[in-house]
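The next block holds one structure in the form of structure tokens; read it before the comments.
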Amino acid sequence: MAMNPMKMMQIKSAWDKFCRNHPKFPLFVDAAKRTKLEEGTVIEMTIITADEHKISTNVKLTKEDVELIRELKSAM
């Protein structure tokens, strides 16, 4: 699958704007990248909509999950 350079530039521009609008989020992402994730670590996510509807989930990392995360980090 080939990457479309124009689409990549659009995504980069949108990400930069998102980061300017939400400066704490990239700091969180950077801290998460520096955190030692190991088997047994729990990653949790919650979404709360404007009308207060809430959904949450979590995953407890397996050895295979940790390896996938390492691979993703090395590709960035």
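General observations
- Residues of the stretch 59-75 that turn out to be touching a residue at least 12 places away in the same chain (Cβ under 8 Å) and open to solvent by 90 Å² or more (accessible area, probe 1.4 Å), as a count: 2
- Restricting the first member to the stretch 19-42 and to residues that are closer than 18 Å to residue 68 by Cα and among the hydroxyl-bearing types (Ser, Thr, Tyr), and the second to residues that are in a loop (DSSP other than H, G, I, E, B) and open to solvent by less than 100 Å² (accessible area, probe 1.4 Å), the beta-carbon pairs closer than 8 Å and six or more apart or on different chains are 41/61.
- When restricted to residues that are exposed (fewer than 10 other Cβ atoms within 10 Å of the Cβ), part of a loop (DSSP other than H, G, I, E, B) and at pLDDT 95 or above, the stretch 1-37 contains 1.
- Residues (aliphatic (A, V, I, L, M) and assigned to a helix (DSSP H, G or I)) located in the stretch 46-68: 66, 68
- The one condition in (1) loosely packed, with under 10 Cβ neighbours inside 10 Å; (2) aliphatic (A, V, I, L, M); (3) within 14 Å of the chain's Cα centre (by Cα) that residue 55 fails to fulfil: (3)
- So residue 43, is it exposed (fewer than 11 other Cβ atoms within 10 Å of the Cβ), in a strand (DSSP E or B) and either modelled with pLDDT of 95 or more or touching a Lys or Arg at 6+ places or on another chain (Cβ under 7 Å) (or both): no
The values are calculated or read from the model by the stated rules, or taken from the named source; none is laboratory data. Predicted model only: the values in this text are computed from it and were never measured. As a convention, Cβ positions derive from the backbone with ideal geometry for all residues, glycine included, and neighbour counts pool all protein chains shown. SASA here: full protein model, heavy atoms, side chains in, ligands and nucleic acids out. Shrake-Rupley method; radii C 1.70, N 1.55, O 1.52, S 1.80 Å.
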